[in-house]
Structure formats: C-alpha cells, structure tokens
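Q: The structure is given below, and queries will be raised subsequently.
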Amino acid sequence: MASWKYDKLLERLISKWPAKVLSLVIAILLSMFHRISILEERYFSVPLKVETSGDLLPSGPYPKVVRLTLKGEANMLYPIQENDIEAYVDLSKYNSPGLYRAPIQVQKKGSAVGIANLEIQVDPIEVMIPLDHSLTKVVPVTPSFRGYLESGYELSNYSLEPSQVTIYGPVNIVSGINDVTTDYIELTGRKENFSVVTKIINKDSLVRIEGSLSVTFSATIQQSIVIRTFDRLPIVLTGLKNGLLARPQINFGTVKLQGSQIDLDAYTPDSSLLTLDCSDVEREGTYLLPLIVTAPKNFTVLRYEPLEIPVEVVKQQVVNSD
C-alpha cells in the first residue's frame, strides 16, 4: 500500500516536468529582472591616487580624476559619499623609471563598508603612468605684477618673505624649474610704499611646494627720476654798467637737467636760467665770460653748453637829438 502511494507521488512529480522546469526558470528570471529594475545608480568623480615605492614619482600626464558608477538598492546607496570610495593605482612593485600600465582599483571606506551587493564600475579601467626619480630643490620666489604705478612714480625696491622655497617632484620636471612666481600683485594707481600678502602659484600639479604658499611682498615707491635736455635757451646779460654795450658771440645755450618726472614735466625754463655776469666789466674790450646756470633747487644740472662765451664790450653811442 505504501509502495503504491509512493509510486503515485513520483508519477505526479515527473508528469509534465519540462513545463514545470520552464515555469521555475521563468520565475527565477522574473525575480532577477525585478531585482535589477529596483536597483539605483549613482555617479561619482573621485581623485586617483598613485601608490609607488622608493623615490619614484609620477612624471607625466595621467588622469587625476576617475568616474565611478555605483549600483545598488536606493536605501543603501544614497548614504554613500564621494570620500567613501577611494580609487588608486598600485605601482609599488616597480623600482626603476619607466612607463607602466596598471588597472584602477577601488577601496570602500566609511558608509560604503559592509554594503552587500554594491557594484562599482570604474572609468577608465586602467591607466598608463610614467615614473621617474624624485628631486628636492630650493628656488627663488619671483613676483608677478599687473598694471602700472601712478604716472611719474617707479618701483625703486621690493622684498619677499620668504624669498625662496623648497620644491619636490620628479627629476625631469624639477630640474627645469628655476623659480616660482606669485599671484598677480596689483600696481595700478599706487604712488606710496605698500605691503601685501599674496600666494605662490604652483604651475605643475606633479610638483609639490613645501611649507606655506603665502608670501609677503613689500615695495618702496619713489618719484621717477628722468633727464631732460633744454635747447636754444636765450642767454641773458646781467650787471652791465651804464654806458656800455655788450655783444656776445653766442646768444643761445643748452642745459641738461635731472629731476623727478613730475617736476620736469611741469617746468618751463625762464630768462633767469642762463646768464652772463658783466658786473666786473669796467671798460671796452673783449671778455671771455663763464656761463652761469641758475636751476631750481629740485633739479641737478648735469651738463650745459657753452661753458664760456666771448663778449665784445663797447661804449654806447649817444645820439644827439639836435
């Protein structure tokens, strides 16, 4: 009797078995499709870290940022932050300069740890990175300027603190760096001493500037000193006694003055600049008199011509009115 019941049960189980198997497969597939349909996606861009050994460093262009696609259930996916996923390339097995290809790997941290069925896709999946030995070097800091000082003023002196910094990076790049520059220092309209704090600009992401990137720039500004030549200036005779008449052989002179640009731009020579002093002349004759230059006190006389002038002195003719 028991044997009969067992045979009947077995007969029922195996009857139409292809259809039953197909139904089971369909049910499993539907379950999988449903699960896939409820999965969410998130996209992150994270920095790519490069792990090396010894004194080797990346020495050429490579992707600094990679794109991550995270797939998972919404309630588990959205608490994840960008800093919970780390992307890196492990080049620590290489110990000599060269160009190496390696896959990008990811490591879960923080809220991403322990999440089951979390799928992470990386784009790109691998990178080519050149490596070179490292070099440390001390270089000066050079200021960068923008604009112009107030007209008539000039930058006479400046200082930077610190005046030099230490840089670190791959040999092929650091060996070609002779200085580092600051951010632009605005000069427009300035006419007095000033001091500003500015930043050092790092122009290559493969090079590290050690210490603070801030520098203090102090400037000394003064009026611009220029030289100007005045030609064909009239020579005036002074001190000539009554009854005498003087005839100088040269009537015009040249003077070269040095002073601030502002003062010289506003200066117009008058008749007192070049003179001949005839006060010692007592009688007729020819005299060699020195040229006298009387310039304003804020100017320096660099040169003048002529130095001396022959002057013929005669008695002044009296004309009778009869």
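Q: Just checking, how many residues over the stretch 145-171 are closer than 30 Å to Gly98 by Cβ and modelled with pLDDT under 95?
A: Qualifying residue count for the region: 0.
Q: Of the conditions (1) over 14 Å from the mean Cα position of the chain (by Cα); (2) surrounded by 15 or more Cβ atoms within 10 Å (Cβ to Cβ), Ser151 satisfies every one except a single condition; which number is it?
A: Answer for Ser151: the failing condition is (2).
Q: Select from the stretch 187-235 the residues that are outside the structural domain of Val301 (by TED's automatic domain parsing) and aromatic (Phe, Trp, Tyr) and write down the one among them that is surrounded by the fewest Cβ atoms within 10 Å (Cβ to Cβ).
A: By that ranking, first place goes to Phe194.
Q: Whether any residue in the stretch 36-47 is farther than 26 Å from Ala116 by Cβ, modelled with pLDDT under 55 and not in a helix (DSSP H, G or I) is what I want to check.
A: Step one: of the stretch 36-47, the residues farther than 26 Å from Ala116 by Cβ are 47.
Then drop every residue that is not modelled with pLDDT under 55, which leaves none.
Among the residues of the stretch 36-47, not one is farther than 26 Å from Ala116 by Cβ, modelled with pLDDT under 55 and not in a helix (DSSP H, G or I), which makes the answer no.
Q: Let me ask another. Since Leu13 meets every condition but one in (1) of a type outside the set (D, E, K, R); (2) at pLDDT below 55; (3) under 24 Å from Leu118 (Cα atoms), which condition does it not meet?
A: In the conditions (1) of a type outside the set (D, E, K, R); (2) at pLDDT below 55; (3) under 24 Å from Leu118 (Cα atoms), Leu13 misses (3) alone.
Q: Assess whether Gly114 counts as being touching a residue at least 12 places away in the same chain (Cβ under 8 Å) and of a type in the set (Gly, Ala, Ser).
A: Judged against the criteria, Gly114 is not a match.
Q: I want to confirm something. Restricting to the stretch 247-285 and keeping residues that are assigned to a strand (DSSP E or B) and more than 17 Å from Val236 (Cα to Cα), which single residue is nearest to the chain's Cα centre (by Cα)? I'd like the intermediate steps shown before the answer.
A: First pass over the stretch 247-285, keeping only residues assigned to a strand (DSSP E or B): 247-248, 252-260, 274-277, 285.
Remaining after also requiring more than 17 Å from Val236 (Cα to Cα): 256-260, 285.
On the way: Lys256: 41, Leu257: 39, Gln258: 36, Gly259: 35, Ser260: 32, Gly285: 73 Å.
The extreme case among them is Ser260.
Q: Output the qualifying pairs, or none if there are none: Cβ atoms under 9 angstrom, residues six or more apart or on different chains, first residue in the stretch 145-157 and within 18 Å of Phe217 (Cα to Cα) and in a loop (DSSP other than H, G, I, E, B), second residue of a type in the set (Phe, Trp, Tyr) and at pLDDT 95 or above.
A: Gly147/Tyr184
Q: From the list Leu291, Leu302, pick out the single residue that is at pLDDT 95 or above and over 30 Å from Glu150 (Cα atoms).
A: Selected residue: Leu291, the only one of Leu291, Leu302 that is at pLDDT 95 or above and over 30 Å from Glu150 (Cα atoms).
Q: Here is a list of conditions, (1) outside any loop (DSSP other than H, G, I, E, B); (2) at positive phi; (3) not β-branched (Val, Ile, Thr), and Asn117 meets all of them except one; can you say which number that is?
A: Evaluating Asn117 over (1) outside any loop (DSSP other than H, G, I, E, B); (2) at positive phi; (3) not β-branched (Val, Ile, Thr) leaves (1) as the failure.
Q: Limited to the stretch 271-283, what total is found for residues that are surrounded by 12 or more Cβ atoms within 10 Å (Cβ to Cβ) and either touching a Pro at 6+ places or on another chain (Cβ under 9 Å) or not hydroxyl-bearing (Ser, Thr, Tyr) (or both)?
A: Residues meeting the conditions: 6.
Q: Given the criterion buried (at least 16 other Cβ atoms within 10 Å of the Cβ) and either within 34 Å of the chain's Cα centre (by Cα) or in the same structural domain as Glu161 (by TED's automatic domain parsing) (or both), identify the matching residue among Leu118, Leu99, Leu91.
A: Numbers: Leu118 fails: either within 34 Å of the chain's Cα centre (by Cα) or in the same structural domain as Glu161 (by TED's automatic domain parsing) (or both); Leu99 fails: buried (at least 16 other Cβ atoms within 10 Å of the Cβ).
Within the list Leu118, Leu99, Leu91, the selection yields Leu91.
The values are calculated or read from the model by the stated rules, or taken from the named source; none is laboratory data. Nothing here was measured: the structure is a model prediction, and the numbers come from that model. Quick reminder, even Gly has a Cβ in these numbers, built from the backbone with ideal geometry, and neighbours come from all protein chains shown.
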